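**Q** Structure incoming, see below.
Since every read-out is calculated from the coordinates, none of them should be taken as a lab result. Since we're looking at a predicted model, the values are computed, not measured. Cβ sites come from the backbone with ideal geometry, for glycine too, and all protein chains shown count toward neighbours.
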Amino acid sequence: MNNLQQQDDRTMVRVQQGLERRYRQEKRFQRMGLGAIILGLVFVSFLFISIFANGYTAFQQTYVKLDVDFDPEMIAPVGETDPDLLSQANYGGLVKKTLREMFPEVTSRREKKVLYNLISSGASFQLREMVMQDPALIGTRQSVWLVADDDVDMLIKGHIDLNVPESDRRIKNNQMVWIQSLQADDRIEKHFNTTFFTAGDSREPELSGIKGAVFGSFFTLLICLLISFPVGVAAAVYLEEFAPKNRWTDIIEVNINNLAAVPSIVFGLLGLAVFINFFGLPRSVPLVGGLVLALMTLPTIIIASRAALKSVPPSIREAALGVGASPMQTVTHHVLPLAMPGMLTGTIIGMAQALGETAPLLMIGMVVFIVDIPGGPFDPSAVLPVQIYLWADSPERAFVERTSAAIMVLLAFLISMNLLAVWLRKKFERRW
């Protein structure tokens, strides 16, 4: 009796020790999972903080107020309204004349050249637009806020270290004196950078914007959606509802799943070989970019659409067939509407992935420098990820903040698209 009791006690001890060991392992696993989540959040937070810290200043631009004399001798006679004559006037000379009048002590040719560099080269285009819109400005003197050069902008924003020797910085000592004089007269201010959202690319950082890239991304994604969504849904419906289950359909399913994992640059090589070299389509246009991204997005849409179709209970199909509906009517009138929310969710996620792709678009030539805003899918353009790539490769410090600002805009689009997908799933998804 005592032996049995001792054996039972030892068994209970072993069981208790086993339970304690299992509980410790479970707690250890929970702590590891929580630590992994915290570590991931730390890295993501660091990424967002670094991007925001470098990019938020790009949403402001430094302007200099000049009292510009719209001299008729340099523009056109008073009362002249001929657009051709007004557009060919020497507006850059107006800016230089104003600066010489503000700083008469600058007499040498070399110093004048340095003085002129305080104002962006785009100031002449700004004055031209003013005169073209209102020719009555000719012969008057107006206070105009003109865009400052990118080096002045970086100085005002605190991105230039003045403690280094003059030879190691882009702002010279005499420029510092002139800038301090302008600041003392309240002639330097930072305004909201509308150019960043209303202009295309430019060699000058203070004149560059993302409008061309945004329009290029819009037309590219539009082509991608118009091709990938109907083809992907049709393929999913056929494979899930009508295709016979045999070796060929199994091979097709395996290849679709494999295509979803193929590196995106492979689709760029395919687009270069087929759409450009074989069909002769032009490079750097959203049409070709949309076709390439459609090929890349199709597997994602097909897989998501098939999963949405599988989530519809078989009783829906059986009930429709039982009341006399044909297989096609069953799918189009009953199954497809119920699966559509899941299909839309997968499509939006696939489109968000396509929006952030760069490698396939680089392969088809959408990496060229394009200033004009595209008016359609057949006009040369860049896209937002490629624009970020181009700016990141530029040596000017002002392009660094614009690169981060463009990344912030791209992330905003991606987050919005993913939130839209989550909202659609929550609003229209039905649980059976």
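**Q** Over the Cα atoms of the chain, what Rg and Dmax result, in angstrom?
**A** Computed over the Cα atoms of the chain, radius of gyration and Dmax are 31.8, 124 Å.
**Q** Then there is this: At 4 °C and a viscosity of 1.567 mPa s, what translational diffusion coefficient does Stokes-Einstein give for the stretch 106-157, taking Rh as the Kirkwood radius over Cα pairs? Give it in µm²/s as a whole number.
**A** This corresponds to a translational diffusion coefficient of 102 µm²/s.
**Q** Also, I was wondering about something else. Can you list residues from other chains, or at least 5 along the same chain, whose modelled amide H is less than 5 Å from the amide H of Leu146?
**A** Val64, Lys65, Leu66
**Q** Just tell me, in residue order, which DSSP H segments of the chain are both 24 angstrom or longer along the helix axis (alpha-carbon based) and at least -1.0 in mean Kyte-Doolittle hydropathy. Walk me through the intermediate numbers first.
**A** Working: long enough: 2-55 (78 Å, -0.20); 211-237 (38 Å, 1.96); 286-310 (34 Å, 1.57); 336-355 (27 Å, 1.30); 397-428 (47 Å, 1.07).
The qualifying helices are 2-55, 211-237, 286-310, 336-355, 397-428.
**Q** State the percent of C-alpha pairs, over all pairs in the stretch 234-353, separated by a distance greater than 20 angstrom. Please list the in-between numbers first.
**A** On the way: 3810 of 7140 pairs.
Beyond 20 Å sits 53 percent of the P(r) for the stretch 234-353.
**Q** Restricting things to Cα coordinates, could you compute the convex hull volume per residue of the stretch 1-94 in Å³? Could you put the intermediate results ahead of the total?
**A** On the way: hull volume 14.4 nm³, N = 94.
Value for the stretch 1-94: 153 Å³ per residue.
**Q** Applying the Karplus parametrisation 6.51 cos²θ - 1.76 cosθ + 1.60 with θ = phi - 60° to the phi angles of the stretch 356-371, what ³J(HN,Hα) value in whole Hz is obtained for each residue in order, glycine and proline being reported as x?
**A** x, 7, 10, 4, x, 6, 5, 5, 9, x, 7, 10, 7, 7, 10, 8
**Q** Identify which of Ala184, Ala89, Ala308 has the largest mean-square fluctuation in a Gaussian network model of the chain, with springs joining Cα atoms closer than 10 Å.
**A** Ala184
**Q** Now for a different question. Using a Gaussian network model of the chain whose springs link C-alpha atoms within less than 10 Å, name the residue from Trp178, Trp248, Trp145 with the highest mean-square fluctuation.
**A** Of Trp178, Trp248, Trp145, the most mobile in the Gaussian network model is Trp248.
**Q** While we're here: Kirkwood-based Rg over Rh for the stretch 284-430 (C-alpha set), two decimals?
**A** Details: Rg = 20.4 Å, Rh = 17.9 Å.
Using only Cα positions, Rg/Rh for the stretch 284-430 is 1.14.
**Q** Which of these, Val44, Val383, Val288, has the largest mean-square fluctuation under a Gaussian network model of the chain (Cα springs below 10 Å)?
**A** Looking only at Val44, Val383, Val288, the biggest GNM fluctuation is shown by Val44.
**Q** Give the cross-link partners of Lys96 among the aspartates and glutamates, using a straight C-alpha distance below 13 Å as the criterion and excluding same-chain residues fewer than 8 apart.
**A** Asp67, Asp69, Asp71, Glu111
**Q** A further question follows. Using DSSP to define loop residues, name the chymotrypsin sites (Phe, Trp or Tyr not before Pro) in the stretch 328-394 whose beta-carbon has at most 14 other beta-carbon atoms within 10 Å.
**A** On the way: sites: Phe369, Phe378, Tyr389, Trp391; in loops: Phe369, Phe378.
Passing both the DSSP loop test and the Cβ count: Phe369, Phe378.
**Q** Using a Cα-Cα cut-off of under 17 Å, which aspartates and glutamates could be cross-linked to Lys245, ignoring same-chain neighbours fewer than 8 residues away?
**A** Lys245 reaches Glu253.
**Q** Just from the alpha-carbon atoms, what are the Rg and Dmax of the stretch 42-112 in angstroms?
**A** For the stretch 42-112, the Cα-based Rg and Dmax read 21.2, 64 Å.
**Q** Using mean Cβ contacts within 10 Å as the protection proxy, how do 11-22, 121-132 order, highest first? Intermediate results must be reported in sequence, preceding the final value.
**A** Working: 11-22: 10.0, 121-132: 18.2.
Final packing ranking: 121-132, 11-22.
**Q** In deg cm²/dmol, rounded to 500, what helix-only [θ] at 222 nm does the chain give when every DSSP H run of at least 4 residues adds -39500 (n - 2.57) and the total is split over its residues?
**A** Taking each H run of at least 4 residues, the total per residue is -20000 deg cm²/dmol.
**Q** Would you mind calculating the gained length between Lys172 and Asn255 on full extension (0.36 nm times residue separation, minus the Cα-Cα distance), in nm to one decimal? Before the final figure, lay out each step's value.
**A** On the way: separation 83, 0.36 × 83 = 29.88 nm, distance 6.21 nm.
Additional length available on full extension: 23.7 nm.
**Q** Could you give the nm distance between label points at Thr332 and Asn418, where each point is 7 Å from its Cα heading toward the beta carbon?
**A** The modelled label-to-label distance comes out at 3.8 nm.
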